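Undergrad: Before anything else, here's the structure in question.
The values are calculated or read from the model by the stated rules, or taken from the named source; none is laboratory data. Everything numeric here is computed off the predicted structure, so don't read it as measured data. Note that we place each Cβ from the backbone using ideal geometry, even for glycine, and neighbour counts take in every protein chain shown.
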Amino acid sequence: MIKKILLSLVLLLLLVVIILAAGLFFVKNKLNKTANPITVYENFPLEEGKHTIMCLFAHPDDEISIAGTLCQLSQNPQNQIIGIYLTRGEAGGTGGLVPQEQLGEERTKELENLAKVVGYKHLEILGFPDGKLNQAEVDTVKMRILEAIYRYRPDIMISFDDRVGLYGHPDHLLAGKWAKQICEENMKNDSFPIQKLYCPTLSQGMIEIALSIAETFKRNYPQDPEKGLPPASFAVNISSVGECKLQAIQAHRTQKRTFTDVFPLYDQVPPFWYFRLFDKEYFTLQVEK
C-alpha cells in the first residue's frame, strides 16, 4: 500500500516537472522569437586581444539592458569597460527613499555601486540636466562625448538605438542619435579609435510580451512596427551571470518600481531560474569602421 502511494507521488511529481518544463520551454521560445535567425554567442563577440568598451547612456540604470554582457566582459582581464552617463537621473522616481532634491546625489552613489558589480574601470557623469537633454546645446554635448572618446580611446561603443531609445524614452533616443552621429562623422579619421558601434535591442517576442504587460512600453513604444527597434544582429547568452545581473539591478534601489515593470517577478524568482528564462541580451551593429 505504502509503495503504491509513494509510486503515485513520484509519478505526480514527475508529471508536474514535465508540465513546468514544457511551460518554461514554451515561454522561453516565445521570448526569444526573432524575425530572422540570429547567432547566439556565449560571450560578446570580440577579436582576440585587448579591448576598451565604452558605454554611453543617458541615466544611471540604463546599462541594465546589457548588464549581463558587461558582467561577462569584465571577467576577461583584457577588457576595460568605461561608463559615460549624460545625466545623474535626478528627474526620475525616488522610490520613496530620498527627497526629490537629493535624488541626483543618491543615484550617483547607486551608479558607483553598480560600477563595482559590472566591472567599470572608469565612470563619468557629464552632468547635463535630466529630462532636458532636448534643450541642451547639441554641439556642446557631442564635444563632451568626443572628449571622453579620445581620453579613453575605446574600440567598441555601446549606446542606445537612434530609432526608439529602447522603449521610447526621449533622453535615450537622443543619446543613441548623438552616439551614431559622432561615429558616422568621425570614423573616416584615422585617429578616431572606435571601430564598431552597437546598440541593445530586443527580440520580436520580447517586444510583443512587453507591449502586453509593461506600462513603460505601452506608453512609449511606437505602435507602428516599422518605427520600432532595429532587428538584432546577434544575442549573448547571459544565463551564467544571472546573479551578477540581479546585483546590478539591486544596485539601483530608487528605481525598483521601473524594474518591477520591465523585469516582472525578478525579485521573487531565484536568479538561477529567472535568467534561464530571460537568458539572452540582444544587440544590433549600428556603425562599423
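Undergrad: What residue, of K177, K188, is under 22 Å from G89 (Cβ atoms) and without any contact (Cβ under 8 Å) to a residue 40 or more places away in the chain?
TA: Values: K188 fails: under 22 Å from G89 (Cβ atoms).
Of the residues listed, the single one that is under 22 Å from G89 (Cβ atoms) and without any contact (Cβ under 8 Å) to a residue 40 or more places away in the chain is K177.
Undergrad: While we're looking at this one, here's another question. Within segment 129-175, how many residues turn out to be of a type in the set (D, E), over 20 Å from the mean Cα position of the chain (by Cα) and more than 19 Å from G83 (Cβ to Cβ)?
TA: Residues of segment 129-175 of a type in the set (D, E): 130, 137, 139, 147, 155, 161-162, 171.
From what's left, over 20 Å from the mean Cα position of the chain (by Cα): 137, 139, 147.
Filter again for more than 19 Å from G83 (Cβ to Cβ), leaving 137, 139.
Count: 2.
Undergrad: Still on this structure, I have one more. Looking at T108, T140, which one is at pLDDT 95 or above, in a helix (DSSP H, G or I) and in contact with a Lys or Arg (Cβ under 8 Å, 6 or more places away or on another chain)? Lay out the reasoning, then the answer.
TA: Numbers: T140 fails: in contact with a Lys or Arg (Cβ under 8 Å, 6 or more places away or on another chain).
Among T108, T140, only T108 is at pLDDT 95 or above, in a helix (DSSP H, G or I) and in contact with a Lys or Arg (Cβ under 8 Å, 6 or more places away or on another chain).
Undergrad: Has segment 45-52 got at least one residue that is in a loop (DSSP other than H, G, I, E, B), out of contact with any His (no Cβ under 7 Å at 6 or more places or on another chain) and under 20 Å from R107 (Cα atoms)?
TA: At the first step, the residues of segment 45-52 found to be in a loop (DSSP other than H, G, I, E, B) are 45-50.
Those left that are additionally out of contact with any His (no Cβ under 7 Å at 6 or more places or on another chain): 45-50.
Restricting the remaining residues to those that are under 20 Å from R107 (Cα atoms) gives none.
The answer is no; no qualifying residue exists.
Undergrad: Tell me, please, whether a residue that is in a strand (DSSP E or B) and touching a residue at least 60 places away in the same chain (Cβ under 8 Å) can be found in segment 83-103.
TA: The first filter runs over segment 83-103 and keeps only residues in a strand (DSSP E or B), leaving 83-85.
Remaining after also requiring touching a residue at least 60 places away in the same chain (Cβ under 8 Å): 84.
There is at least one residue in segment 83-103 that is in a strand (DSSP E or B) and touching a residue at least 60 places away in the same chain (Cβ under 8 Å).
Undergrad: Something else: Given the residues F272, F192, F259, which is the only one that is of a type in the set (A, V, I, L, M, F, W, C) and either within 15 Å of the chain's Cα centre (by Cα) or crowded, with 21+ Cβ neighbours inside 10 Å (or both)? Show your work before the answer.
TA: Numbers: F272 fails: either within 15 Å of the chain's Cα centre (by Cα) or crowded, with 21+ Cβ neighbours inside 10 Å (or both); F192 fails: either within 15 Å of the chain's Cα centre (by Cα) or crowded, with 21+ Cβ neighbours inside 10 Å (or both).
Only one candidate qualifies: F259.
Undergrad: Right, another one. Can you tell which of V98, V164 is at pLDDT 95 or above, over 22 Å from A214 (Cβ atoms) and among the β-branched types (V, I, T)? Lay out the reasoning, then the answer.
TA: Working: V164 fails: over 22 Å from A214 (Cβ atoms).
Result of the check over V98, V164: V98.
Undergrad: While we're on this one: Taking segment 122-137 as the search range and keeping residues that are in a helix (DSSP H, G or I) and touching a residue at least 24 places away in the same chain (Cβ under 8 Å), which one is nearest to T108 (Cα to Cα)?
TA: L133
Undergrad: Taking the stated definitions as given, is A148 within 26 Å of L123 (Cα to Cα), touching a Ser or Thr at 6+ places or on another chain (Cβ under 8 Å) and either assigned to a helix (DSSP H, G or I) or at pLDDT 95 or above (or both)? Explain how you work it out, then say what you get.
TA: Values: within 26 Å of L123 (Cα to Cα): yes; touching a Ser or Thr at 6+ places or on another chain (Cβ under 8 Å): no; either assigned to a helix (DSSP H, G or I) or at pLDDT 95 or above (or both): yes.
For A148, the condition - within 26 Å of L123 (Cα to Cα), touching a Ser or Thr at 6+ places or on another chain (Cβ under 8 Å) and either assigned to a helix (DSSP H, G or I) or at pLDDT 95 or above (or both) - is not met.
Undergrad: Is it true that some residue in segment 32-43 is modelled with pLDDT of 70 or more, surrounded by 10 or more Cβ atoms within 10 Å (Cβ to Cβ) and closer than 30 Å to T108 by Cα?
TA: Checking segment 32-43: at least one residue is modelled with pLDDT of 70 or more, surrounded by 10 or more Cβ atoms within 10 Å (Cβ to Cβ) and closer than 30 Å to T108 by Cα.
Undergrad: Let me ask another. Could you check segment 92-107 and list, in sequence order, the residues that are more than 16 Å from G131 (Cβ to Cβ) and surrounded by fewer than 18 Cβ atoms within 10 Å (Cβ to Cβ)? Even if it seems obvious, please write down each step before you answer.
TA: Taking segment 92-107 and keeping what is more than 16 Å from G131 (Cβ to Cβ), we get 95-99, 102, 105-106.
Once the filter is applied, which keeps residues that are more than 16 Å from G131 (Cβ to Cβ) and surrounded by fewer than 18 Cβ atoms within 10 Å (Cβ to Cβ), segment 92-107 yields G95, G96, L97, V98, P99, Q102, E105.
Undergrad: Restricting to segment 153-180, what's the tally of residues that are of a type in the set (A, V, I, L, M), within 20 Å of K289 (Cβ to Cβ) and in contact with a Lys or Arg (Cβ under 9 Å, 6 or more places away or on another chain)? If you could, list the steps in order and put the result at the bottom.
TA: Restricting attention to segment 153-180, the residues satisfying the condition of being of a type in the set (A, V, I, L, M) are 156-158, 164, 166, 173-175, 179.
Filter once more, so that each one left must be within 20 Å of K289 (Cβ to Cβ): 156-158, 179.
From what is left, the residues that are in contact with a Lys or Arg (Cβ under 9 Å, 6 or more places away or on another chain) are 156-157.
Count: 2.
Undergrad: Is it the case that some residue within segment 64-71 is modelled with pLDDT of 95 or more, outside any loop (DSSP other than H, G, I, E, B), closer than 17 Å to Y152 by Cβ and not acidic (D, E)?
TA: Here is the first cut: in segment 64-71, the residues modelled with pLDDT of 95 or more are 64-71.
Still in the list and also outside any loop (DSSP other than H, G, I, E, B): 64-71.
Applying the additional criterion that residues be closer than 17 Å to Y152 by Cβ yields 70.
The next check asks that each one be not acidic (D, E); those that pass are 70.
Checking segment 64-71: at least one residue is modelled with pLDDT of 95 or more, outside any loop (DSSP other than H, G, I, E, B), closer than 17 Å to Y152 by Cβ and not acidic (D, E).
Undergrad: Looking only at segment 260-284, filter to residues that are closer than 18 Å to A232 by Cα and of a type in the set (A, V, I, L, M, F, W, C); which one of those is modelled with the highest pLDDT?
TA: F283
Undergrad: Is it the case that segment 248-265 has a residue that's closer than 22 Å to P45 by Cα, among the basic types (K, R), touching a helix residue (DSSP H, G or I) at 6+ places or on another chain (Cβ under 8 Å) and in contact (Cβ under 8 Å) with a residue 24 or more places away in the chain?
TA: For segment 248-265, residues closer than 22 Å to P45 by Cα, among the basic types (K, R), touching a helix residue (DSSP H, G or I) at 6+ places or on another chain (Cβ under 8 Å) and in contact (Cβ under 8 Å) with a residue 24 or more places away in the chain: absent.
Undergrad: For the structure I just gave you, tell me whether V141 is in contact with a Cys (Cβ under 6 Å, 6 or more places away or on another chain) and closer than 30 Å to A210 by Cβ. If you could, list the steps in order and put the result at the bottom.
TA: Values: in contact with a Cys (Cβ under 6 Å, 6 or more places away or on another chain): no; closer than 30 Å to A210 by Cβ: yes.
No: the conditions fail for V141.
Undergrad: Something else: Would you call E243 out of contact with any Asp or Glu (no Cβ under 9 Å at 6 or more places or on another chain), acidic (D, E) and modelled with pLDDT of 95 or more? Please lay out each step first, then the result.
TA: On the way: out of contact with any Asp or Glu (no Cβ under 9 Å at 6 or more places or on another chain): yes; acidic (D, E): yes; modelled with pLDDT of 95 or more: yes.
Answer is yes for this residue.
Undergrad: Next question. Does D224 qualify as being over 23 Å from T94 (Cβ atoms), surrounded by fewer than 17 Cβ atoms within 10 Å (Cβ to Cβ) and not hydrophobic (A, V, I, L, M, F, W, C)?
TA: So D224 passes the test.
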